[in-house]
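Trainee: Pasting in a structure now, in structure tokens, and then I'll have a few things to ask.
Just so it is clear, none of the values below were taken in a lab; they were calculated from the coordinates. A quick note: this is a predicted structure, and the numbers were derived from the prediction, not measured. When we count neighbours, we look across all protein chains shown, and the Cβ atoms used for this are built from the backbone with ideal geometry, even at glycine.
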Amino acid sequence: MERTLVVVKPDAMQRGLAGEIISRLERRGLRIVAMKMLHMDDAMAKKHYAVHEGKSFFEGLIKYITSSPIIAAVLEGPKAVEAARNTMGKTAPTEATPGTIRGDLALEIGYNLVHGSDSQETAKNEIPLFFTPEEIFTYERDIDQWIIES
Ligand code: IDP
Ligand code: MG
């Protein structure tokens, strides 16, 4: 089953939107298989956002993501990467469709509330930065028979 990394970013934590964000992803049908609260330090932030190093917004992005504790989670489901990113909406919230997390709850690209892996390959690289294999659970929910086609 496909997995994706989700991060409830500092602005979402400060605005009390953690429950709302996780709830939207969970209600979509995605299964929470790992979750923790942590405060990312500089080194971890730079590793997580290494692909953006050198870009104009990089320093601001590192300052933002390390400015408050965050919640990291691994969500699982069919096409979990695509499902999570569609539920989040486009990176720039003003371009995100209403009904998405960013389209409903955010305005600025630098305060877009949530992170989601952009491919299965990215997810495989991002997840181990936040979770050890022991922290990721393998289980089924009774309701999965009504969400996931076998
Ligand atoms: P994503 O989070 O939708 O995958 P990316 O392009 O990977 O978007 O960018 C990572 C994060 O960097 C964004 O979510 C946003 O927080 C921040 N970011 C991206 N572009 C800009 C920008 O132009 N200005 C400020 N922050 C940006
Ligand atoms: Mg990205």
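Trainee: Among what's in region 89-120 and is of a type in the set (S, T, N, Q) and within 13 Å of Val7 (Cα to Cα), pick the residue that is nearest to ligand 2 (Cβ to nearest atom).
Mentor: Checking each candidate, the answer is Ser117.
Trainee: Shifting gears a bit: Starting from region 53-75, keep only residues that are touching a residue at least 40 places away in the same chain (Cβ under 8 Å), then list their pairs with residues that are among the polar types (S, T, N, Q) and surrounded by fewer than 16 Cβ atoms within 10 Å (Cβ to Cβ) whose Cβ atoms are within a distance under 8 Å, requiring at least 6 positions of separation or different chains.
Mentor: Ser68/Gln14
Trainee: For region 12-33, which residues satisfy the criterion of being over 15 Å from Pro69 (Cβ atoms) and assigned to a loop (DSSP other than H, G, I, E, B)?
Mentor: Correct list: Gly29, Leu30.
One line per residue, one yes/no per condition, for (1) assigned to a helix (DSSP H, G or I); (2) within 15 Å of ligand 2 (Cβ to nearest atom):
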position: Met35; (1), (2): no, no
position: Ala45; (1), (2): yes, yes
position: Glu59; (1), (2): yes, no
position: Glu82; (1), (2): yes, yes
position: Pro128; (1), (2): yes, no
position: Tyr139; (1), (2): no, no
position: Asp144; (1), (2): yes, no
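Trainee: Somewhere in region 137-148, is a residue free of Cβ contacts under 8 Å to residues at least 24 places away in the same chain and within 14 Å of ligand 1 (Cβ to nearest atom)?
Mentor: For region 137-148, residues free of Cβ contacts under 8 Å to residues at least 24 places away in the same chain and within 14 Å of ligand 1 (Cβ to nearest atom): absent.
Trainee: Right, another one. Got a number for residues in region 98-108 being crowded, with 16+ Cβ neighbours inside 10 Å and within 12 Å of ligand 1 (Cβ to nearest atom)? I'd like the intermediate steps shown before the answer.
Mentor: First pass over region 98-108, keeping only residues crowded, with 16+ Cβ neighbours inside 10 Å: 100-103, 105-106.
Pick out the ones that are also within 12 Å of ligand 1 (Cβ to nearest atom) and you get 100-102, 106.
Count: 4.
Trainee: Further question on the same structure: As an exercise: evaluate Lys9 against (1) surrounded by fewer than 21 Cβ atoms within 10 Å (Cβ to Cβ); (2) of a type outside the set (Ser, Thr, Tyr); (3) within 15 Å of ligand 2 (Cβ to nearest atom) and give the number of the one condition it does not meet.
Mentor: For Lys9, the exception is condition (1).
Trainee: Next question, about the same structure. Restrict the check to region 81-97 and report whether at least one residue is more than 17 Å from Arg31 (Cα to Cα), among the polar types (S, T, N, Q) and either buried (at least 16 other Cβ atoms within 10 Å of the Cβ) or within 11 Å of ligand 1 (Cβ to nearest atom) (or both).
Mentor: So in region 81-97, the residues more than 17 Å from Arg31 (Cα to Cα) come out as 89-97.
Narrowing further to those that are among the polar types (S, T, N, Q): 91, 94, 97.
Imposing the further condition that a residue be either buried (at least 16 other Cβ atoms within 10 Å of the Cβ) or within 11 Å of ligand 1 (Cβ to nearest atom) (or both) reduces the set to 91.
Checking region 81-97: at least one residue is more than 17 Å from Arg31 (Cα to Cα), among the polar types (S, T, N, Q) and either buried (at least 16 other Cβ atoms within 10 Å of the Cβ) or within 11 Å of ligand 1 (Cβ to nearest atom) (or both).
Trainee: Pairs, please: C-beta under 7 Å, at least 6 apart or cross-chain, first residue exposed (fewer than 15 other Cβ atoms within 10 Å of the Cβ) and in region 22-47, second not aliphatic (A, V, I, L, M)?
Mentor: Met37/Pro69; Leu38/Pro69; His39/Pro69; Asp41/Thr66; Asp42/Thr66
Trainee: Where the second residue is near ligand 1 (Cβ under 8 Å from one of its atoms) and in a loop (DSSP other than H, G, I, E, B) and the first is closer than 16 Å to Leu30 by Cβ and in contact (Cβ under 8 Å) with a residue 40 or more places away in the chain and lies in region 98-119, which pairs have Cβ atoms under 8 Å and are six or more apart or on separate chains?
Mentor: From residues that are closer than 16 Å to Leu30 by Cβ and in contact (Cβ under 8 Å) with a residue 40 or more places away in the chain, the pairs are Val114/Lys9; His115/Lys9.
Trainee: Let me ask another. Output the residue which, of all residues in region 51-74 that are more than 10 Å from ligand 1 (Cβ to nearest atom) and more than 19 Å from Pro10 (Cα to Cα), is farthest from the chain's Cα centre (by Cα).
Mentor: Gly54
Trainee: Any idea which of (1) touching a residue at least 40 places away in the same chain (Cβ under 8 Å); (2) on the phi < 0 side of the Ramachandran plot is the one Thr132 doesn't satisfy?
Mentor: Just one mismatch for Thr132, condition (1).
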